[in-house]
Amino acid sequence: MQLEIKNLTFAYNKKEANIVDNFNLEVKKGEVVALVGASGSGKSTVLRLTAGLEIPDSGKISIAGQTVAGDHKFRAAEKREVGMVFQDYALFPHLSVEKNIAFGIDHLSKDRRKARVKELLKLVNLEGFEKRYPHQLSGGQQQRIALARTLAPGPKLLLLDEPFSNLDAELKDKIRGELNQIIKEIGVTTILVSHDREDAEFMQAREIIMN
Amino acid sequence: MQLLKKLKKASPGWFLLTVGIIILLLIPNLNIIINLFGEAGENWEHVRNYLLVNYFQNSLILVLATGLLAAFLGAGLAWVIAAYNFPGRDFLSWGLILPLAIPPYIGAYVYQGMFSYTGPLQTFLRNKFQLRLSQQYFDFMNIRGAIFIYTIFLFPYVFLMTRAFLSKQSASLLESSRLLGKSDNTIFFKIILPLSRGAVVAGSSLVMMEVLNDYGVVKYFGISTFTTAIFKSWFGMGDLPTSVRLAVMAMLVIFVVLFIEKLLRGGRKYSYSTSNIRPVSRRKLEGSRKVLAQLFTYGVFFFGFLLPTVQLLYWSFLSRGGGLMETLHFAFTSFLTGGGAAVLILTGAVIIATTARMSSNFVSNLLARITILGYSIPGAVIAVGVLLFMLQLDGVLSFLQTGFGIEANVVLSSTLVMLIFAYAVRFMGIAFNSVNSGYEKIGESYFEASRTLGKGVTETFFKIDLPMLKPALMSGFLLVFIEIMKELPLTMILRPFNFDTLATKAFEYASDEMIYRAADLSLVLIFFSAAAIYLITHHRRRKNNAVRN
């Protein structure tokens, strides 16, 4: 199992009801899973817990056979090798496209880093965009750069938080197709969150309805 | 797991550093309260029996009257600027902040000088019209005069907060009221004022705190308040226990103010049922209403900035640059002290704000509250607390030095270290607020994105947070810098021997009736403050435009 979640429970606030309550999930290596549900169903929270951005109240999360949360252990986000594309992309505005993508791979030598950035830009079909800045990109381009940045370190898991919510209808079809192709091409285990079941079908994902 | 959740993502290093700073900020204030239970000073009996009522009365009258007047003036101006278009409006939208560049104690001696028997107004009336009016018409040096001075130079706090609030209000609110047949006056009193009550009260309570903090105006006008009393008992009588007791009393007045604020703000919080907020479109004014709006806004600008500045320029011209070298010297000292202290304070504020951001709501609210506490406590009170703390530290130091046989004789009291520490206690809140609102604007996703890309808290801070915080750091620095440049009570009490800033020297000259000498120093001070205000407001505006484009 690439991801194993057992009896996961979480509340943002003690006074509120659990937003994630006894949640279980198993994802095989290379599988694409879609968590579908209305807002407030806790689907994004599951992603944040998996990434290590929130600390669970109880339950257990294992990634590639290693426990990252639970059993009195908590592995910080930066040590989980989980990639996440944020809903608003969160491209660092003060860094160029090249530096954004290279952000997570600065342990590589300069030449290998450069080659890796080039390879990823090719993957997302934005060759030659190295020197641009995020505000010079369209919404669709920003998303592809965010994807490239997330894939650069070779994460064990790819998490996509509402990847199509900021795109207009026409662009959406195109991006869904491209994204699907990229994910299949590199075979990364993927969990995407969406409020729209159509997204899950389009991405040929195993659907999990949350409520 | 639960404890971890409470601290959330804060790393232990950041947290410990923050706790250290917070303890340092708290000690001086706690010190005062602890010392209250010590033995009373020899003058306390006298102060309590004959003077205390007077201090309370004067302080309360000044605080409440100024708070009320500044609230109306600031809110009215904010409404005119936010809702109408008329020639000069764009300039006035920041020009009306400029009175803040003139410290009230400078405004006080300028107005007193203008209205005095030998001042330009009476001289003019005497020479041109042979008018010799009774001096009581021109008497500025009383409570009414002080209220006028405070109001005209401090109202921008209310103006700024209310304007910021109004500019975020939905246009449809205003337009639907207009369509419902309400006149603009009705809209102002029935819709705008109740809605912006929180902002007006918040601005007004800032004004009240500034009034309580002030030493210069009341000292110059000979009005006894807590601040002047603390000075007198410490400087005049060398009676620290009595100053401590007075400081506690002054804190009581602060709690009254804070309580009133809470009461007036009420538990109500209005929020919109829609997220689609279109900013208010300003209505163009014509005819008599245009003239009225201009008279009102330009009038306030005239009395709050233009007139005193021109008067100072004239006095400075009369002195013909006599004290140029001296002015440069004090400008340099002020600049260095203010700049250095502001950098230190900002560093502390960034550490606290970064930890607060990574902590749970409870912890971060607590941190915010403690940090802002110092700004609501009058400078003279903080000075007493810091002095007590430094004397204790000196005791420890001398014990250590004799214990280890070192003959260094290091002392902290009456050094620049003590003064800068006191600035930090008082102004950390301002810097913290700037950094914090910077963090709020940035949001969390950049931080989180960096974490998921394998960077720890500290690396993320240096690579992502710090560069993105730059505008907030800039405005935080400028705000703290001008506050320190203008600061009087702390500096007067805690400065090292023979150490003067533009503020203390200008005040000294003015008190000695050497108005021409004071004018040069005041002008430099006002120039720096005005430049900082210009930079802050125009930087913000540029950024807003960039976002809109």
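Values quoted throughout were computed directly from the atomic coordinates according to the rules given, and no laboratory measurement underlies them. From a predicted model like this one, the values you see are computed outputs, not experimental measurements. Here Cβ is always computed from backbone atoms with ideal geometry, including for glycine, and neighbour counts include all displayed protein chains.
Structure notes:
- Residue (of B:Leu324, B:Ala431, B:Gly198) at the positive-pole extreme of chain B, dipole from beta-carbon charges: B:Gly198
- Once the C-beta distance of A:Glu119 and A:Ala76 is scaled by a Förster radius of 30 Å, the resulting FRET efficiency is 0.60 to the nearest 0.05.
- Given charges at Cβ of Lys, Arg, Asp, Glu: the protein assembly as shown dipole, positive-most of B:Phe189, B:Leu479, B:Leu60: B:Phe189
- Restriction of the trypsin sites (Lys or Arg not before Pro) in segment B:284-392 to DSSP coil positions whose beta-carbon has at most 11 other beta-carbons within 10 angstrom yields B:Arg320.
- Mean-square fluctuations from a GNM of chain A, with a 10 angstrom spring cutoff on Cα atoms, peak among A:Ala51, A:Ala200, A:Ala64 at A:Ala64.
- Relative contact order computed over chain B (Cα-Cα under 8 Å; 6+ residues apart), in percent: 23 percent
- The magnitude of the dipole of segment B:56-192, with charges of +1 and -1 set on the Cβ of Lys/Arg and Asp/Glu and taken from the Cα centre, is near 200 debye.
- Gyration tensor (Cα) of segment B:48-90, equivalent ellipsoid semi-axes in angstrom: 39, 7, 4
- Shape call, segment B:298-437: gyration tensor on alpha carbons, a/c limit 1.5: oblate
- Value of [θ]222 nm, deg cm²/dmol, for chain B, DSSP H segments ≥ 4, -39500 (n - 2.57) each, nearest 500: -24000 deg cm²/dmol
- Listed cross-link partners A:Lys131/B:Lys441; B:Lys219/B:Lys262; A:Lys6/B:Lys455; A:Lys79/A:Lys156; A:Lys29/A:Lys184 are compared with a 20 Å cut-off, the Cα-Cα value being larger for A:Lys131/B:Lys441; B:Lys219/B:Lys262; A:Lys6/B:Lys455.
- Shown for segment B:177-274 is the translational diffusion coefficient from the Stokes-Einstein equation, using the Kirkwood radius over Cα pairs, a temperature of 20 °C and a viscosity of 1.002 mPa s: 129 µm²/s.
- Split chain B at each of the GluC sites (Glu not before Pro) in a DSSP loop with at most 16 other beta carbon atoms within 10 Å, and the longest piece is B:43-285.
- Placing dummy labels 7 Å off each Cα toward the beta-carbon, the span from B:Ile23 to B:Ala531 is 4.1 nm.
- 13 Å beta-carbon shell around B:Val425, net charge (K/R +1, D/E -1): -1
- Local electrostatic count, B:Gly216, Cβ distance below 11 Å [Lys/Arg +1, Asp/Glu -1]: -1
- Segment A:37-99: relative contact order in percent, alpha carbon pairs under 8 Å with at least 6 residues between: 22 percent
- The Cα-based radius of gyration and maximum Cα-Cα distance (Dmax) for chain B are 24.8, 85 Å.
- Estimated FRET transfer efficiency (B:Leu125, B:Ser167; beta-carbon r; R0 45 Å; 0.05): 0.55
- Restricting attention to the protein assembly as shown, close to 45% of DSSP beta bridges with both partner residues there are antiparallel.
- With the cut-off at under 15 Å, measuring from each backbone N in segment B:466-487 to a point 7 Å along the Cα-to-Cβ line of A:Ser96 picks out no residue.
- Highest GNM mean-square fluctuation among A:Pro153, A:Pro93, A:Pro134, for chain A modelled with Cα contacts below 10 Å: A:Pro93.
- Estimated dipole of chain B in Debye, rounded to 20 [Cβ of Lys and Arg +1, of Asp and Glu -1, Cα centre]: 2680 debye
- Segment B:27-55 and segment B:143-183 have their alpha-carbon centroids 40 Å apart.
- Computing Rg and the Kirkwood Rh from the Cα coordinates of segment B:73-168 gives a ratio, Rg/Rh, of 1.11.
- Relative contact order (%) - segment A:76-160, alpha-carbon pairs under 8 angstrom, separation at least six: 52 percent
- What separates the Cα centres of segment A:78-157 and segment B:378-392 is a distance of 53 Å.
- Loop sites in segment B:314-422: chymotrypsin sites (Phe, Trp or Tyr not before Pro), DSSP, at most 13 other Cβ within 10 Å: B:Phe404
- Kirkwood-based Rg to Rh ratio, the protein assembly as shown, C-alpha trace: 1.03
- In nm, spacing of pseudo-spin labels at B:Met325 and B:Leu64 (7 Å Cα→C-beta vector): 5.4 nm
- Volume of the convex hull of chain A (Cα atoms only), normalised per residue: 124 Å³.
- Rg [Å, one decimal], Dmax [Å, integer] - segment A:143-187, C-alpha atoms: 10.8, 31
- Remark: the protein assembly as shown carries a charge dipole of roughly 1600 debye about the Cα centre, counting +1 on each Lys and Arg Cβ and -1 on each Asp and Glu Cβ.
- Spatial separation of Cα centroids for segment A:176-211 and segment B:412-477, in angstrom: 39 Å
- Sorting A:Arg116, A:Arg80 by the number of Cβ atoms found within 10 Å of their own Cβ, with the fewest placed first, yields A:Arg116, A:Arg80.
- Ratio of the Cα radius of gyration of segment B:14-108 to 2.2 N^0.38 Å, where N counts its residues: 1.79
- Note on A:Glu130 and A:Glu4: with the Förster distance fixed at 41 Å, the Cβ-Cβ geometry gives a FRET efficiency of about 0.60.
- Trypsin sites (Lys or Arg not before Pro) restricted to DSSP loop in segment A:127-211 with at most 14 other C-beta within 10 Å: A:Lys131
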